[in-house]
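Presented below is the structure to which this report refers.
Just so you know, all these numbers are worked out from the coordinates, no wet-lab data involved. A quick note: this is a predicted structure, and the numbers were derived from the prediction, not measured. Counting neighbours? That spans all protein chains shown, and the Cβs are built from the backbone with ideal geometry, glycine included.
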Amino acid sequence: MIQMRGGYTQILWMCLGFWGLCLGCGEPDPPPPLHCSSASQCPSRYHCSPKGVCTADVLCQSDGDCCLAERCEAGVCRTRQACGDAAQCLDPATECRFGICAPRPCEASSPCAAGLGCVAGVCVAKAPCGGSCPAGQACAPRIDRCVAAPSVACMPGQLAYFTNEIELMPEGCAAVPPELGCAALPPLAAGDRAPPGVLLSKGGELLHLAYDRTYGDAVLARYGNSPPFPQKSLQIISGLPEGAPVVAAVDGPRGGVAVPGPDRGSALAAAVDAGGGLHVALRDDSADGLRYAHLGSGGNLIEYPIAQGPGLATRVALTLSATGLPIIAAFSPADPSASPPRAARLTAYLAKTSPPLTSNDWTASEIDTESVILPPVPCGGPCPSGQVCIWHSPGAAKCSPQSTACAPCLPGQVCSAGQCRTTALAPPPLDAELLGRGASLDLRVLQNGQLVAAAYSSHSRDLAIYRRVGALWQKTIAAPPQGSQDAGRFVRLAEGLQGQLWAVAEDSQRGRLVLWREEGGVWKAEIIDSGDRSDGHHRVGADVAVARHPFGNLLIAHQDTRRADLLLRKGVLPGKPGALQTAAMPGAAGFSPSLVQIGSKAWVVAAITAVLEPSGALTHRVELRELIWAGE
Amino acid sequence: MLKRWGALLLPLALVACGGQSCSGCDGPLTKPQAPDQLLIKQATQFRMTQHGFDVIAANLVALLKVLLGAGPGGQAQIDVAKLLGPQPLKFSSGFGLFKGSAGARNLVLTLDLASLKIDLVEGSNPARIRIGFEKAQIGVVQGVVFGATSFAGLESDAACHLKNGLQSGSPQARLATVSGAMDLVLGVDAGGKLQVQVQVQKPVIHEIGFTLAKDCGLTECTDKVLLESACLECELCATGKLASDAASVLKDALGPLLTQVMELAGNLLVQQVLASTINGKPLDIEIPLDVRDLVAQAAPPLAELLGEPAGPLRLRGRPAPQAFVVQDQALQARLDAAVFAPAHPCAVEPGLDATAVFALLPSGPPPPLPAQMLAFAQDGSQMQRPVDIALLLRRTAVDEAVWSLLRSGLLCMAVDTQALYQVSGGKLLVTAGVLDLALPGVRQLAASGAALGATGAGAPLRIAVTPRARPQDAPWVSLAQEASETAVTVRLGGLQVAVEARVRERWLTLVELAIDAHVEAGLQVLGPQIKLQVRKIDIASLQVVGDPVAPHADWAALAPTVAQVAVSLLLAQPLKFDVDVQAALQQVLNLPIGAELVGLQAAPGGDWLLLGLALQPLAGGSP
């Protein structure tokens, strides 16, 4: 006999409500008890229950049609894992209770294995039922499923669950009244804090802003300002969705909210003003725009969009005016394939008040634009059938009839008019890089109050320096160093000796670190690090961070991308490359470094290390280390 | 036609570039830059078989006949005044009535060159090429003998026409019958210049006979010493006394005259054959060779993958001591040679550039010359063909060439996704997304910080190859002869191969490997081309170095697969290089002789590489 059972919860509540009358619920007319030890001893459409009795099959379409102890297999309910006197549970982490192998309950005295937490008496890797159930339901943690339950009031960060889930589980949907409780949820797993990262010093602590790529947040970590720089807290600056359910401990990351929400912070810049206020400019990937956040010294956070536009703030820089007003430079990359083609734009946003409270408190000023024209597709596109696109002369491709009269041609060649000719191909479909002036940028206010900006063009492959004079931006191109036709990426500005403006950036063509300084209106480049080492050349100019010692020397952090190490160079002056120190670390270190001074001889460098786990998971580590430097 | 591939024929090309009109080389000649210690003794040899020499000798004979104005019957007509200058031939003494200042002028002789023969002088060192004639007949077409005389107590002069005296009046009328020989001696002077000397052996005059005839029109006969007989002083021409007196004197004079004529003819021959090529030119020379450019001409897309070398390959050669010898009936030229290139910083570690190792590498003696080689045509047919010229290259010189190529930075390659895509004709698109299959997480890494919308799957990769040009790693090359191809295996030790991904706007090294790889290729002469087919790349050993981003990746398993992909996709088709042997030969010998590649083979033991050429007279060609 086959019985069609209603939804498990219906049956359960039927039993719970009418348990005294529920004689036939879920049970067919009992045939003479037929004892069994395996299904083969039972008649067709019967199976051997954990109690060793042939029991009628129950049809189902999903697990929800079955008892808690069962799952829907091939259209009939089957015991999840049956056990009894004759069949003990094999997994020592489980025990046989009510005919099923159930996980041994955990509590403080019997902690879970590494990586697991004890939630609702069960060792789990993450909060069961996703950390919350809809109203009118509670969590059956062992099967990780919300089922109907009387309402129970639990605090945020707690999960309503069946405390007697096991008793409810035995096959046949035993009529046991449910008991509910509230379990403290574990904290959310911390997100992966990735570049970009900015280190700042505020009062007696260090602040590190980074992009949480797990949840798409701009996050602020607070650290003690002496080694080993313990992390004190983690605060979401932007990216936390409003009204999202709390599914983890409220005192943990993101207040227990797991829903990612808007993606913000993939580009960010920050500065701390004299009053301790933190100003942050950040990219909003979800809304495609620029946002600003201000965290007052008292902890009050304001955060709002400044402007929107395609790709706006893909790269940002932020500085403070002499009066503490935040100034932001934001880059929108060119899109030559858009219709109409879009030029790259570099725009400054100057705050009128501090802190600026709304988007109306900002004035926009265009620093520069750059149009990017891609080379035409060879032959204008695919050739007609039977023809191939071949180069007739450099830059001139034509569709020509394909022939077979040649011997096999070399790779990259095709036979046409009896000759092997080089095929003209459209560029392959690769991930695009940011195009235009501003792909790397920096912004600075000199001691004389002048606002200056630097922007590298990934199209022109050079570096432009801008000085704001009145309401205008005066532009000068800083010539690349000898032997290079591509320099200026990862640019950082510094105020050098006698108020001179210096710029440090990468020579991308030759993998060198370059220092530019202005002399008589002309920018002169010199190589600070050629990258030449005893084991060959290292590319050493990526991700530059620059700090200036009060004595005038520079401290430069940059990345060796051959070894993926953080490099520190102390005491750099024009004509003096300084002393090099390599901070070798496991993983790909040296991303997005930044430097702050915490004492007369004490500096801190923060950098991010990427680690590729054997599983393929990508994680990052923010690492702070002390650096002793007296300015020599 | 890739004329500069003639430089593959190192000995020929070296001598070819000794001349100022060296069209096969770049730029003017400069002081060799390849250091002396790199010179490998007798690294290259040039051998010409008797058959090959016979082809050339036949041309030399024909040329000599042309130079001497010989007609179809082999009769050369020698205008002595034109050959030796207008000044008359002075006899050493007077004869008969000619008391002194006797001589001959306006001599036009005939020389029967039918018996002219050219041979190599076996065992000669320096090499001698002997041009001889046996019992050749000399006739006189015109000529005047003259001298001072005293007549009737008056001092005067007189002159007579010179006529054949032997079998005069018959077709065999002649002045004399002589035998003689001259040697062209292939020497090299202290300055390293080829100096071909003409050494004439004293002719043997077997017989001589002439008559004299009076001609009152001759200047000496119009003195009018005796007014009543204006031509009286030349009456002596008619007397047999003068002719008989003159016979011994003329015989004495004819020997040196012939010697002078032969010397002159020999020098003309050398000048004509070797004009503007090698004679008198320094043989310690160097040819710059832009290998990247050569590959670009054979396979433009593949050249794009190569590195930018620090400078051209420099092929230097200079005559070995006893450069030219005749041995085993073959003319041999032996050159000390070196291959060198300026150092590229990517390939040469400072202070680790010892170069004397190549000259010290062991090497067996050169192999005997094969009389014939198996030649393959482009249509696949094959046949045995005689070898006339063989160029032998010592394997240690090939080793030095490989070292130089590595040293130049040609293999310092950084091949990115786009270059691979282009060179494979769009068949190969290796991105982070593809690598992610073998190295999970790479796509994520590339996606982090990428432009809006980029997933990382399309992030480009780059493979950077850095060779280590350490002489102490030599030998790199092994040669072996197979049925139809010459197998060349190049061992590349300590090759640094880095796999890089475009991450956050920079090339980030994912892993750096130190690889010992064996590249095996087949070489074959196919008609006028040399075919190079890379067969396989074996990864002999692989070591992960540095601090890679993904140290757990199983690169040892992945690398051979990558190598196999490279071979099957990029090197599937052979590279074919046209070799203009003819042009190279033309720069050495100005003779209407055609030259063709016959075959290439490694000598047993693999110490020598031998390139065979065949010579044949050019149809319709004449010296």
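Assorted remarks:
- Per residue of A:616-623, other chain Cβ atoms within 10 Å of the residue Cβ number 3 on average.
- Peptide B:435-441 has a mean of 3 when you count, residue by residue, the C-beta atoms of other protein chains within 10 Å of its C-beta.
- Put in line by how crowded their Cβ is, counting other Cβ atoms within 10 Å and starting with the fewest, A:Y211, A:Y223 read A:Y223, A:Y211.
- Taking Cα centre as origin and charging only the Cβ of basic (Lys, Arg, +1) and acidic (Asp, Glu, -1) residues, the dipole magnitude of the protein assembly as shown rounds to 1380 debye.
- Local net charge near B:V204, Cβ-Cβ under 12 Å (Lys/Arg +1, Asp/Glu -1): +1
- Projecting the Cα positions of B:V291, B:I539, B:L429 onto the charge dipole of chain B (unit charges on Cβ atoms of Lys, Arg, Asp and Glu, taken about the Cα centre) puts B:L429 furthest along the positive direction.
- The residue list B:Q33, B:G449, B:T219 was ranked by how far each Cα lies along the charge dipole of chain B toward its positive end, using unit charges on Cβ atoms, and B:G449 comes out on top.
- For the residues of B:506-516, the average number of beta carbons from a partner chain within 10 Å of their own beta carbon is 4.
- In loop segments of region A:302-378 as defined by DSSP, the trypsin sites (Lys or Arg not before Pro) with at most 15 further C-beta atoms inside 10 Å of their C-beta are A:K352.
- Projecting label points 7 angstrom from Cα along Cα→Cβ for B:C216 and B:K251 puts them 3.5 nm apart.
- Among B:V291, B:V261, sorting on how many other beta-carbon atoms sit within 10 Å of each Cβ, with the fewest leading, yields B:V291, B:V261.
- Cα-derived Rg to Rh of chain B, Kirkwood definition: 1.20
- A:S40/A:R145 FRET efficiency (R0 30 Å; Cβ-Cβ; nearest 0.05): 0.45
- Calculated Rg and Dmax of the protein assembly as shown using C-alpha coordinates, Å: 47.9, 183
- Net charge dipole, region B:294-385: roughly 360 debye, given to the nearest 20, about the Cα centre with Cβ charges of +1 for Lys and Arg and -1 for Asp and Glu.
- Compactness of region A:289-434, taken as the C-alpha radius of gyration over 2.2 N^0.38 Å, stands at 1.74.
- Shape analysis of region A:265-335 based on the Cα gyration tensor places the equivalent ellipsoid semi-axes at 23, 13, 8 Å, largest first.
- Crossing angle, helix A:8-17 versus chain A [Cα axis fit, 0-90 degrees, rounded to tens]: 50 degrees
- Computed from the C-beta positions of A:L446 and A:S600, the FRET efficiency with R₀ = 25 Å rounds to 0.60.
- Span-rule helices in chain B, defined as complete DSSP H runs reaching 30 Å or more along the axis (Cα) with Kyte mean at least -1.0: B:240-274
- Counting Lys and Arg as +1 and Asp and Glu as -1 over every other residue whose Cβ lies under 13 Å from the Cβ of B:L495, the net charge comes to -1.
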